[in-house]
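For reference, the structure discussed in these notes is given below.
The values are calculated or read from the model by the stated rules, or taken from the named source; none is laboratory data. Just so you know, these numbers come straight off a predicted model, no measurement behind them. When we count neighbours, we look across all protein chains shown, and the Cβ atoms used for this are built from the backbone with ideal geometry, even at glycine.
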Amino acid sequence: MSAPWAIAWKRFLRKPSGWVGGIICSFILFVALFAPLLATHNPDEQNLPQKLRPPSSEHWFGSDDTGRDLYSRVVYGSRLTLSVGVVAVGIATALGVPLALLSVWGGRRADLVVSGVIDVFLAFPSLVLALAIVAILGQDLTNAMIAIGIVYAPRLARVVRAAALSESVRDYVSAARALSCSAPRVLFRHILPNCMAPLLASATLYLASAILEAAALSFLGLGAQPPQSEWGALLYAGRDFRLTAPYLLYFPGFAIFITVMGINLLGDAVNDTLGGR
């Protein structure tokens, strides 16, 4: 491990929020990886005589309106929910980073165009823009991930653009240009590696927002579709039973809350540790 990253790691270990967030995220990741071992039932198996049963020794979180075990569906839902967040942030990174580098290295006109595009996307609330994109692409979890990735791409691009502009005027970049290094080499060998700290910090924070956006889209019926065990979709399925079987909302809602809180705590610690360094 290089010296700067070793120093950052030591600073991270001194932050309680990082420890708490790391433990929560590790637990959620553990549940997602070992869902088949932790689940007590087949999450998609219907058992109508057992429908809407309250939490018990047989159904730890109760059962839904078709008799499916809610605990098993929440456990398997961790896989889908985390996958949605990671894929959406991955799409945002794949779109936002090249856009930012083009803005920095493409000259004044390219910077004006890219900045204008970023400003247009940022003018809309993220959920409203995601709803519009899903309405165009169609109601599907894959389209929801694409929509969330497109929504957060300008936000990541703005972060990387600011960091890249700061790095582009440093002496080592001027030296690389004086040595006739090609533009791709300067961008990917010198500038981009020094933008990784703010990029990593922002991506961690946006992961929590992406999970929340995906759950919101699924709750509105525009994301995961039955019988997919996504936490937002579980909330959508249980909304009609909020008075007679409120546990259908409590457990998926708490899973979303604890996951988003853990990622936010971890993201804040990473952001404080790395900052703009």
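So the values come out like this:
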item	result
Selected residue (only one of Leu199, Leu222, Leu179 is crowded, with 22+ Cβ neighbours inside 10 Å and among the aliphatic types (A, V, I, L, M))	Leu222
Sole exception among (1) surrounded by fewer than 16 Cβ atoms within 10 Å (Cβ to Cβ); (2) part of a helix (DSSP H, G or I) for Glu58, by number	(2)
Members of the range 15-43 found to be assigned to a loop (DSSP other than H, G, I, E, B) and either among the polar types (S, T, N, Q) or loosely packed, with under 15 Cβ neighbours inside 10 Å (or both), listed by number	Phe34, Thr40, Asn42
Residues of the range 238-254 classified as crowded, with 16+ Cβ neighbours inside 10 Å and more than 12 Å from Ser63 (Cα to Cα), total	3
Looking only at the range 1-47, and only at residues there that are hydroxyl-bearing (Ser, Thr, Tyr) and at pLDDT 75 or above, the one that is farthest from Leu266 (Cα to Cα)	Thr40
Flag for Gly67 being part of a helix (DSSP H, G or I), surrounded by 15 or more Cβ atoms within 10 Å (Cβ to Cβ) and either touching a residue at least 12 places away in the same chain (Cβ under 8 Å) or touching a strand residue (DSSP E or B) at 6+ places or on another chain (Cβ under 6 Å) (or both)	no
Helices (runs of 4 or more DSSP H) lying entirely in the range 178-277 (those with 2 or more residues that are polar (S, T, N, Q))	196-219, 247-274
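This table checks each residue for (1) at pLDDT 75 or above; (2) within 24 Å of Ser78 (Cβ to Cβ).
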position	(1), (2)
Ala176	no, no
Ser182	no, no
His190	no, no
Leu199	yes, no
Ser202	yes, yes
Leu205	yes, yes
Ala210	yes, yes
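Table: residues versus (1) more than 21 Å from Ala147 (Cβ to Cβ); (2) in contact with a Ser or Thr (Cβ under 7 Å, 6 or more places away or on another chain); (3) not small (Gly, Ala, Ser).
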{"position": "Ala203", "(1), (2), (3)": "no, yes, no"}
{"position": "Glu213", "(1), (2), (3)": "no, yes, yes"}
{"position": "Ala216", "(1), (2), (3)": "no, no, no"}
{"position": "Gln228", "(1), (2), (3)": "no, no, yes"}
